[in-house]
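Engineer: Dumping the structure here so I can ask a few things about it.
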Amino acid sequence: MVDLDVIRSSNTTIVRSQPLVAVFFGGTSGIGHYTLRALATAESHGGKGLRAYLIGRKAEAAEAIVAECRKLYPAGEYIFVQANDLSLLRDVDRVCIEIMSLERGKSANPRIDYLMLSQGGAPFQPRKDTQEGIDATMSLLYYSRMRALTNLLPLLLQSPLPATAVSVYAAGYEGKLYPEDLSLRNPKLYSYNQARSHMIYMHTWFMDRLAEQHRGQLRLVHIFPGLVLGPAFQSPELPVWFRVFWRWVFVPLFGRLVSVPTGECGDRMLGLLSPNRYPPRRDAITAGSGVQQQGSRKEDVAVGTDGKPGSGVYSLNWKGESNINLKAYGKFDPAEMKAKIWEHTMKVFETIEAGDVFKD
Ligand SMILES: NC(=O)c1ccc[n+]([C@@H]2O[C@H](COP(=O)([O-])OP(=O)(O)OC[C@H]3O[C@@H](n4cnc5c(N)ncnc54)[C@H](OP(=O)(O)O)[C@@H]3O)[C@@H](O)[C@H]2O)c1
């Protein structure tokens, strides 16, 4: 495990090295909030400047978070961009256009250095298709996130760091995969856990493909944050059995023992900005061969999704260590699956962009 002090010191070093632009999809609650708070706190110790965009539905929650961050770091700029429903890709597109236009209007050097994607609904929901034809859970946790990531590429590619994009979900929880029914249309196959497994594989292969297209320019992470006791667990959308078990059994007995404190979670999520530990994918010859940045030790470099150190795409546990399940991925031809997932995801995007309903 990377020591928390090491992470905090790396966070301080980064904020002191340049002003940062950060975007938080899901910044109005939970892990997005904790990470933004960690960033504002780090900036308050001699940071060079911060512009942060928070995206979510609840304006009141956003106002409270902005007020909290202004207290921590008054020199920062905090901008709320309201979403209506990010399970709809047209809402993701609208929000991204607004972020890009605001950022271009505010800076001679528009960019995004850190993108967090933590929008999410309650788990254990039955399948429910959006008007655009995809399951709402799969959309919030995979399609809407990859859509935001690709929409915002023009600004991400301008980051000198280079940029880090972090999707917070369930990396490492791969189970079965049905490559011929990626959308899980067959009702006999659909369950929340099965959808989760599909979304994790798809994160890895989609991100791998993106990293190959933008070598040296992007650092892509999907991460399981551990158990972080925030507002998500009070959601009325959760099934009654879960809420009863959670409130009266799990939290009183085990909550403190097994959860990651919210402050630590924020610091660790921010720690993914470390260019030494999480470098981008390099050129074809050196890719995955543990390319070291100046000043980093080889043992500090995280292992990427291809099982090699420093290969630009990272599947991580809550401690920021690789949890890539090579045995699960070993059952598939990686080149074939990267192409398949890319084509499937692009087909979803193109169909919906054309105003049609996705049916495959
Ligand atoms: N917390 C944990 O222990 C834990 C563990 C494993 C995985 N995760 C995953 O990590 C992610 C973040 O978790 P969290 O605890 O931070 O959750 P959270 O506190 O519930 O925050 C979710 C965020 O997503 C936004 N959101 C949800 N549905 C939306 C929609 N339809 N349209 C627009 N925005 C929407 C919420 O915005 P508004 O509130 O403004 O509507 C909020 O900002 C989730 O995907 C979760 O599955 C969490």
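Engineer: Among the candidates Gly76, Gly46, single out the residue that is more than 27 Å from Ser139 (Cβ to Cβ), more than 18 Å from the chain's Cα centre (by Cα), of a type outside the set (A, V, I, L, M, F, W, C) and surrounded by 17 or more Cβ atoms within 10 Å (Cβ to Cβ).
Structural biologist: Step by step, each of Gly76, Gly46 is checked, and only Gly76 is more than 27 Å from Ser139 (Cβ to Cβ), more than 18 Å from the chain's Cα centre (by Cα), of a type outside the set (A, V, I, L, M, F, W, C) and surrounded by 17 or more Cβ atoms within 10 Å (Cβ to Cβ).
Engineer: Looking at the stretch 98-123, which of its residues are within 16 Å of the ligand (Cβ to nearest atom) and without any contact (Cβ under 8 Å) to a residue 40 or more places away in the chain?
Structural biologist: Passing the criteria: only Glu98.
Engineer: Kindly provide the set of residues from the stretch 320-345 that are aliphatic (A, V, I, L, M) and open to solvent by 40 Å² or more (accessible area, probe 1.4 Å), ordered by number.
Structural biologist: Leu326, Ala335
Engineer: Looking for whichever is in a loop (DSSP other than H, G, I, E, B) and either among the small types (Gly, Ala, Ser) or within 24 Å of Gly32 (Cβ to Cβ) (or both) here; the options are Tyr173, Tyr190. Which one fits?
Structural biologist: None of the other options fit; the residue is Tyr173.
Engineer: Out of all the residues in the stretch 100-122, which are in a loop (DSSP other than H, G, I, E, B), among the small types (Gly, Ala, Ser) and more than 28 Å from Cys265 (Cα to Cα)?
Structural biologist: If the condition is that a residue be in a loop (DSSP other than H, G, I, E, B), among the small types (Gly, Ala, Ser) and more than 28 Å from Cys265 (Cα to Cα), then Ser107, Ala108 are the ones that fit.
Engineer: In the stretch 281-290, is there at least one residue being open to solvent by less than 30 Å² (accessible area, probe 1.4 Å), in the same structural domain as Thr150 (by TED's automatic domain parsing), at negative phi and modelled with pLDDT of 85 or more?
Structural biologist: yes
Engineer: Follow-up question, since we're still on this one. Name the one entry in Arg196, Arg145, Arg219 that is outside any loop (DSSP other than H, G, I, E, B), under 22 Å from Val92 (Cα atoms) and open to solvent by 30 Å² or more (accessible area, probe 1.4 Å).
Structural biologist: Within the list Arg196, Arg145, Arg219, the selection yields Arg196.
Engineer: Among the listed residues Leu152, Leu157, which satisfies the condition of being of a type outside the set (Val, Ile, Thr), open to solvent by less than 10 Å² (accessible area, probe 1.4 Å) and more than 26 Å from Lys359 (Cβ to Cβ)?
Structural biologist: One residue alone meets the criteria, Leu152.
Engineer: Return the residues of the stretch 222-245 that are part of a helix (DSSP H, G or I) and among the charged types (D, E, K, R); say none if nothing qualifies.
Structural biologist: Arg243
Engineer: Give me a count of the residues in the stretch 256-281 that are within 24 Å of the chain's Cα centre (by Cα) and either within 15 Å of the ligand (Cβ to nearest atom) or assigned to a helix (DSSP H, G or I) (or both).
Structural biologist: Of the residues in the stretch 256-281, 16 are within 24 Å of the chain's Cα centre (by Cα) and either within 15 Å of the ligand (Cβ to nearest atom) or assigned to a helix (DSSP H, G or I) (or both).
Engineer: When the residues of the stretch 79-97 are filtered to those that are among the acidic types (Asp, Glu) and within 9 Å of the ligand (Cβ to nearest atom), which remaining residue is least open to solvent (accessible area, probe 1.4 Å)?
Structural biologist: Top of the filtered list is Asp91.
Engineer: Checking the structure you have, find out if any residue of the stretch 170-177 is away from the ligand (no atom under 16 Å from the Cβ) and open to solvent by 30 Å² or more (accessible area, probe 1.4 Å).
Structural biologist: Yes, the conditions are met somewhere in the stretch 170-177.
Engineer: Does Pro123 satisfy the condition of being open to solvent by 20 Å² or more (accessible area, probe 1.4 Å) and within 20 Å of the chain's Cα centre (by Cα)?
Structural biologist: yes
Engineer: Moving to a separate point now. For the stretch 222-253, enumerate the residues that are open to solvent by less than 50 Å² (accessible area, probe 1.4 Å) and away from the ligand (no atom under 16 Å from the Cβ).
Structural biologist: none
Engineer: Please tell me if Gly216 is on the phi > 0 side of the Ramachandran plot and either assigned by TED's automatic domain parsing to the domain that holds Glu43 or within 16 Å of the ligand (Cβ to nearest atom) (or both).
Structural biologist: yes
Residues checked against (1) touching an Asp or Glu at 6+ places or on another chain (Cβ under 8 Å); (2) more than 19 Å from Arg268 (Cβ to Cβ):
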residue: Val313; (1), (2): yes, no
residue: Gly320; (1), (2): no, no
residue: Lys331; (1), (2): no, yes
residue: Lys338; (1), (2): yes, yes
residue: Asp360; (1), (2): no, yes
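The values are calculated or read from the model by the stated rules, or taken from the named source; none is laboratory data. Quick caveat, the model's predicted, so the values are computed rather than measured. Using ideal geometry, Cβ is built from the backbone for each residue, glycine included, and neighbour counts are taken over all protein chains shown. Keep in mind that these areas ignore ligands, DNA and RNA; they rest on the heavy atoms of the full protein, side chains included. Shrake-Rupley method; radii C 1.70, N 1.55, O 1.52, S 1.80 Å.
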